[in-house]
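Novice: So that we are looking at the same thing, I have put the structure below in structure tokens.
Every read-out reported here was derived from the displayed coordinates using simple, explicitly stated rules and does not represent laboratory data. Computed from a predicted structure; not experimentally measured. Cβ: placed from backbone, ideal geometry, glycine included. Neighbour counts: every protein chain shown.
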Amino acid sequence: MTSDPTSAGPLLELHGITKAFPGVLANDRVDLELRAGEVHALLGENGAGKSTLISILSGMYRPDAGEIRFQGREVEIDSPRAAIELGIGTVYQHLTLVPTLSVLENLMLGSHGGTGRLDLASANDRFAELARLLGVDFASGARAGALALGQQQQVEIMKALWRQGSRVLILDEPTSMLTPQGYEELRRELEHLKDGGLAVVLITHKLHEAIELGDRVTVLRAGRKVGSLAPDDLRGRSESELSARIVEMMFGEQAAELADAVEVEAAPAARESPRRELGAVALRVRDLALDADDGVVGLSGVGLEVRAGEIVGIAGVDGNGQRELAELIAGQRRPRRGEVLLFDEDVTRLGVREREARGLRYVTDDRLGEGTVGDLDVAMNAVLKRIGRAPFWRGGTERREEIDRFAEGLVDRFDVRTPSVQTRIATLSGGNVQKLLLAREFAGEPRAVVFNKPTHGLDVRTAEFVREQIREAAGAGLAALVISTEIEELVDLCDRIAVMSRGEVTGEVENSPGVEERIGALMVARAGAGVPAGSAS
Amino acid sequence: MSDLLSQDFLTALIAGGLVAAVPLLYASLGELVAEQAGVLNVGLGGYMLLGAFLAFVITYNTGSEWLGMLAGIVAGAAGALVMAVLCVRMNLDQIVIGIAILLVAEGATSLLHGAAYAESRPSLGSPSELAIPGLKEIPILGESLFSQNAIVYIGIALAFVVGWVLKRTSAGLSIRAAGERPEALDAAGVSVTATRTWATLCAGGLAGLGGAYLVIVGAGSFTPFITQGSGFIAIVIAMLSRGRAPWTIVGAVLFGLSLSVATALQLIGVNIQTDYVQMLPFVVVIVVLVLFARRSYLPSALALPYVRGEK
């Protein structure tokens, strides 16, 4: 951070960057310009080519064509090391800390590339310096894996700035794991860093973040730059005016029809949801407890109720026990204590199949892992949970026509874009795989469904389709439990929202305008401490 | 059974145990480094055999035990180079290639030995160059503990040096990151491939040295399959050490003693079928694994190839 913020020219320029992967043109002649003391927001949907572009900037990929200029001089960034030497630091979306190493060890990783003795004294000095800048509150000797996600991200930012003379900081979807409070903190940190003369690239798929945090905005769509806003364009205009302009860039002609869906992503606002008729308590979990283990978050005293026709949300930063809770309800795990009731029947001791037969379903967030078998075709994936059962199997032999007919029904109803049901599912896009998963779990007579991050990574249109399906099903009497890390989405969808933190339900709120702030407070609370648990407002 | 505590028995047990422990110590130390970097050497026993055979050939022909030891390191590292090229550079499956290397090493050394030495069955005589004078005058322990040669003391010192390198140097940091989260190392601008290659070669060289010791000091001759599963025992020791190198000493001595019980028992005339006694080390492996299974921690990226940009 030794650069001079007053220097007039751009610090880093990308011209005509093109990168193709087999079957996809990820970047098509993209230009980008970074200036010292500015945050440049790079906006686009999943798959628009943002990550590819910053991978090129950070030396992970090499472009097929185009040039990169650093302070006017053409440079070649052919390895992560070359990027680091130019002073380009990157914070990747999927954190790249080594969990078993200490914070300081993570920071020193590769710091001088040599093989010599580690210089702990000067490393600690540098840590203290950056800790002041970013306002961190953990020790340099702490194990990285033991830190909260927000803190881990701070370590990542420190790592990106570790070398003296950092000029460019790239942040890939930095808010995806932050609470609303963490977001405010990031915003303050960015101000500090800009004052220090750093050029920041902020990658995001959320419109309001781009407008709030960016001094300059570039919009990518399908690998191409489709528009940009200079600081002059951003100043002195209202947020809604800017949103409208950007939405048009992002979606072109379809902008109008998508206005509703974009609203959810852009400006969080509780919308009037039609009141549904609530029935009996469909799903009830009482006092569920699970022991923490390698990679498993422990749960304690988790209790919830979902009525027929009700949509209940579970908010919380990723990795606070949501997945474990979902798996306990689905029957994929056994609790240490507590029970799961389905319409007052105790199903705690039943396996996945028996629970499913009783109408309890689970839509996993791990679509490609536990959700589907990539090498099998769409049809076989559609009956994945019914292998061996009639009418798809009889006497141990598969009945292909039955399976295909069933799969075609699902594909039709949920508008899954696939050449045929004999296509290998691994070749489908994430959105289409998710549609098939939903179709599969909605088939038959589900009475209660747990959705784990149902719209994660989907484009705006598919995400809205998924939400609409959940709403419709609830209208028809389904009890839905929706886990999501996006508060806006839960506010849009749910009747009630429970918040999980560190394996406990820290509170539950009725959905009403302005509820986001309370949810944010509960996300960092511990059960029974500070914020009163139980329903409010 | 009072013989069990006699001086003869104890001397034989401890001395034999240490001789058996040294190859395990070197091999497990090398394997520990490779595992920390994310490479599982199922063919560790193969590197030992290659080292043992070449060390035998060189020592027999030159008369120099030190040259033999050096040859052991080179042969073991050559075996590991195959592993590094196929698994680290070309990302083939570590388990499959490891098994292949073990089988090839077993076959090749048996064949070569059969062709060259099956008739003459030469032996090397007791090692002389490696001894350190003066220590063996102390009773009981003097004979067994201190009449050891330089290789033993080097090995013990090496365990502490490796521990220090892993913990306190940037090379050690890179090695640990390569096994735990290679993408983090890559993003930090350090080559995962180079780090893993060096760690694998280190495993090969040290295992080869262990094999050389087995032949030159332990047996005094090469016989086919002389390592008798030591490679696998060394892998277990490395796993149980959880990345802390000095623990390999404890593991190696424990398993070394269980290997030497057989010889010691025969020495005092207790007659148990050798087949039973030779099972002992492996029974110990199973018991130790059952008792300490929770203790063993394997790096997250162990045996997984690293390809940039793939999850």
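Novice: Note the angle between two axes, namely the Cα long axis of helix B:94-117 and the longest principal axis of the Cα atoms of chain B, as a number of degrees from 0 to 90, rounded to the nearest 10.
Specialist: Once rounded, the angle reads 40 degrees.
Novice: Explain nothing, just the number: relative contact order of region A:102-164, from Cα pairs under 8 Å at least 6 residues apart, as a whole percent.
Specialist: Normalised by residue count, the contact order of region A:102-164 is 51 percent.
Novice: Round to a whole angstrom and tell me the spacing of the C-alpha centers of region B:249-311 and region B:1-80.
Specialist: 15
Novice: Per residue, how big is the convex hull of the protein assembly as shown when only Cα atoms are used? Give it in Å³.
Specialist: 218
Novice: For a test of the definition: using alpha carbon positions, the gyration tensor, and the 1.5 limit on a/c, classify region B:1-129 as rounded, prolate or oblate.
Specialist: Here region B:1-129 falls in the oblate category.
Novice: If you take every DSSP beta bridge fully contained in region A:405-530, what fraction is antiparallel? Give it as a percent rounded to 5.
Specialist: That works out to approximately 55 percent antiparallel.
Novice: Quick check for me: using +1 on Lys/Arg Cβ and -1 on Asp/Glu Cβ, what's the dipole size of region A:368-444 about its Cα centre, in debye to the nearest 20?
Specialist: The dipole of region A:368-444 has a size of about 160 debye.
Novice: Here is a further query. Rounded to the nearest 20 Debye, what is the dipole magnitude of the protein assembly as shown about its Cα centre when Lys and Arg each give +1 and Asp and Glu each give -1 at the C-beta?
Specialist: Result for the protein assembly as shown is approximately 1480 debye, rounded to the nearest 20.
Novice: Counting helices only, and only those DSSP H runs with n ≥ 4, report the 222 nm mean residue ellipticity of chain B as the sum of -39,500 (n - 2.57) divided by its residues, in deg cm²/dmol to the nearest 500.
Specialist: Calculated mean residue ellipticity at 222 nm is -22000 deg cm²/dmol.
Novice: Next question. Mind running the shape call on chain B? Use the C-alpha gyration tensor, a ≥ b ≥ c as the square roots of the eigenvalues: rounded below 1.5 for a/c, prolate if a/b tops b/c, oblate otherwise.
Specialist: The shape class here is prolate.
Novice: What order do you get for A:E277, B:E180 when you list them from fewest to most C-beta neighbours inside 10 Å?
Specialist: A:E277, B:E180
Novice: Taking R0 as 56 Å, what FRET efficiency do you get between A:E248 and A:R286 from their Cβ-Cβ distance, rounded to the nearest 0.05?
Specialist: 0.65
Novice: What length, rounded to one decimal in nm, is gained on full extension from A:R235 through to A:H15, with 0.36 nm per residue of separation minus their alpha-carbon distance?
Specialist: Working it through step by step, the gained length comes to 76.6 nm.
Novice: As I understand it, the value is the acute angle between the Cα axis of helix B:230-240 and the longest principal axis of the Cα atoms of chain B; what does it come to in degrees, rounded to 10?
Specialist: That helix lies at roughly 60 degrees to the long axis.
Novice: Apply the Karplus curve 6.51 cos²θ - 1.76 cosθ + 1.60, θ = phi - 60°, to the phi angles in region A:170-181 and return the couplings in whole Hz, x for Gly and Pro.
Specialist: Calculated HN-Hα couplings, in order: 9, 10, 9, 6, x, 8, 5, 10, 9, 6, x, 5 Hz.
Novice: Quick query: amide H of A:T348 versus all other amide H atoms, modeled in the peptide plane; which residues come in under 5 Å with a sequence gap of 5 or more or a different chain?
Specialist: Sorted by chain and number, the residues that satisfy this are A:V340.
Novice: In addition: Between A:E370 and A:D318, what is 0.36 nm times their sequence separation minus the Cα-Cα distance? Round to one decimal in nm.
Specialist: This chain segment gains 16.9 nm when fully extended.
Novice: Need the list of lysines near A:K453 for cross-linking: C-alpha distance under 27 angstrom, and skip anything on the same chain fewer than eight residues off.
Specialist: Reachable lysines: A:K50, A:K206, A:K385, A:K435, B:K311.
Novice: Continuing with this model, one more query. In degrees from 0 to 90, rounded to the nearest 10, what is the angle of the helix B:7-36 Cα long axis to the longest principal axis of chain B?
Specialist: Approximately 10 degrees, to the nearest ten.
Novice: Okay, moving on. Under 15 Å from a point placed 7 Å out from the Cα of A:S429 along the Cα-to-Cβ direction: which residues of region A:48-86 have their backbone N that close?
Specialist: What the label zone holds, given the 15 Å backbone N cut-off, is A:48-50.
Novice: What is the Cα centroid distance between region A:106-171 and region A:176-229, reported in whole angstrom?
Specialist: Region A:106-171 and region A:176-229 have Cα centres spaced 22 Å from each other.
Novice: Dipole of region B:147-289 (Lys/Arg Cβ +1, Asp/Glu Cβ -1, origin at the Cα centre): which of B:G229, B:S174, B:A157 lies farthest to the positive side?
Specialist: B:S174
Novice: A follow-up question, please. Between A:Q93 and B:S126, what's the calculated FRET efficiency when r is the beta-carbon distance and R0 is 60 Å? Round to 0.05.
Specialist: After rounding to 0.05, the efficiency reads 0.40.
Novice: Nearest 0.05, what FRET efficiency do A:R333 and B:V96 give at R0 = 25 Å with Cβ-Cβ as r?
Specialist: So, using R0 = 25 Å, E works out to roughly 0.15.
Novice: Here's a follow-up. For the protein assembly as shown, what is the percent of antiparallel DSSP beta bridges, rounded to the nearest 5?
Specialist: 55
Novice: Which order do B:S120, B:S296 fall in if you start with the one that has the fewest other Cβ atoms within 10 Å?
Specialist: Going from least to most buried by this count: B:S120, B:S296.
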